[in-house]
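Only one structure is covered here, and it is reproduced in the block below.
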Amino acid sequence: MKVAVVILNWNGRELLQKYLPSVLAHSNGAAIYVVDNASSDDSVDFLKKNFPKVGIVQNAENGGFAKGYNDGLKHIEADIYCLLNSDVEVTPNWIFPILEVFQSQPKAAIIQPKILDLKRKDYFEYAGAAGGFIDKLGYPFCRGRIFQSLEKDEGQYDDIKEVFWATGACMFIKADVYWSLQGFDEDYFAHQEEIDLCWRAKNRGHKVYYVGKSHVYHLGGSTLDNMNPKKTFLNFRNSLYSITKNLPRRKAYPIVILRLLLDGIAAIRFLFQFRFDHCWAVLRAHMSYYSHLMSMLKKREKANFILKYYATTSIVWSHFVHQVKNFNILVKD
C-alpha cells in the first residue's frame, strides 16, 4: 500500500523545524507532504531550502482543517493518507503496525495510533488518547481522557480495538473511503470534523480502529488552546452538526433539544466563572447552528444509521456527578 504522510501547515515554520525531522527519520517507505494553508510566514521557503525531499502543496486560502485537507489531498496520490498534525513527534516503526491492521481487517477504513503527551510522555494526550468514543448525547471522550482528566499510560491500552472515532491529530484513512465520503465537511472549519467523518464512515459499514503498538507524541494546543473561546464555539456548534447529520430524525431531534438545554447550563456555568467570552461562544454556537440547520439536514445521507453508537449514556453525569475519571471504570468490555 502506498502511504502518504500529509501535514497541514499554517504559519507553523517553528513546528515544522522542530518535528518534521522525526517524520522524515521514521517514515521509511512513505511519501511526506506538507499542505500549506496560505501561510503568511516563510514556511514554504523554509521547506524548500531545508527539506527538499518533502512534497509541497500550496492552498490558495486558509480554509481551516477541513477545507485545507480537502483542497490539498486532491493533489496527492496514495492508497492510505496519514493526516498528521505539525506538532507531532513520531517514533520508530510507527507506521508498520497500522498497515498490518489495514491488511488483516478488510473493513478497517480509519486507524489511529496511541497519542501521548509530548510534555508528559507517560500520559495520554487530550486529542485522541487511546481512541475516541461518544455518549448517547454526542459528547466525545477517549480511552485515556475524559474531559480534562488524563490517564497515565501504564500499558492498559496496548491493544487493537475498534473505536468510534479517530483523532485528526494522527489519522490514517484509506484514500478511496475518504473521497467516497467527499472528505471532511468544510462547514465545520475545524474541530470535531474527524468525529463526523468517522461517524459517516461507520454509517456506511466501515470500521475505525485504534492500534496501541504504534505511538506518537502530540504537543497539542498549537492552533487553538483547549480553553480558547473560539474552540468552545466550534466544539459546541460542530457537535450539534454531527448529531443532526448522522442519526435518524426520531433520534436526532430529542437529543438536539436536550443538548441545547445542557449547553445553556454550561453557558450559565461559564457566566458564574466570569468567563464571559466562553458564555458568549456557546450562544454564538447556537445561533450559528440555527442558521445552518437546513443545510445540515440536506447533508443527511441515505444510510443505515447506527443506533447503538454510544459507549455510555451520559459521560457528563458519570464524570461530574460520579467523579469517574478512568475509561476502564466507565466502560467494561
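Nothing in this text is a laboratory measurement; each read-out follows from the coordinates by a stated rule. Predicted model, so just to flag it, every value in this text is computed and none were measured. Every residue, glycine as well, gets a Cβ built from its backbone with ideal geometry; the counts of neighbours run over all protein chains shown.
Across the stretch 270-309, the residues whose backbone nitrogen lies under 16 Å from the label position 7 Å along the beta-carbon direction of Leu260 are 282-297. The aspartates and glutamates within cross-link reach of Lys298, meaning a Cα-to-Cα straight distance under 14 Å and a gap of 8 or more places when in the same chain, are Asp185, Asp187. For the residue pairs Lys2/Lys121; Lys74/Lys107; Lys67/Lys245; Lys114/Lys136; Lys114/Lys161; Lys161/Lys207, alpha carbon separations beyond 20 Å are given by Lys2/Lys121; Lys74/Lys107; Lys114/Lys136. Among Val321, Val177, Val211, the largest mean-square fluctuation in a Gaussian network model of the chain, built with springs joining Cα atoms closer than 10 Å, belongs to Val321.
Close amide H pairs (under 5 Å, H built 1.01 Å from N) link Val35 with Ile7, Leu8, Asn9, Val57, residues at least 5 positions away or on another chain.
Its relative contact order, with pairs defined as Cα atoms under 8 Å and 6+ residues apart, puts the stretch 3-218 at 25 percent. The order of Ile134, Ile306, going from fewest to most other C-beta atoms within 10 Å of their C-beta, is Ile306, Ile134. Bridges between two residues of the stretch 3-218, per DSSP, are antiparallel at a rate of about 50%. For Lys119, the aspartates and glutamates whose Cα falls under 16 Å of its own Cα, not counting residues fewer than eight places away in the same chain, are Asp87, Glu89, Glu151, Asp153, Asp225. Under 17 Å of direct C-alpha separation, and excluding same-chain neighbours fewer than eight residues apart, Lys49 reaches these aspartates and glutamates: Glu14, Asp36, Asp41. Estimated from helices alone, the mean residue ellipticity of the chain at 222 nm is -12000 deg cm²/dmol (sum of -39500 (n - 2.57) over DSSP H runs with n ≥ 4, per residue).
Ordering Phe189, Phe274 by the number of other Cβ atoms within 10 Å of each residue's own Cβ, fewest first, gives Phe274, Phe189. Ellipsoid semi-axes for the stretch 70-219, based on the Cα gyration tensor and the rule √(5λ), read 22, 17, 15 Å when sorted largest first. Here the residues His191, His215, His75, His26, ranked from fewest to most Cβ neighbours within 10 Å of their Cβ, fall in the order His75, His26, His215, His191.
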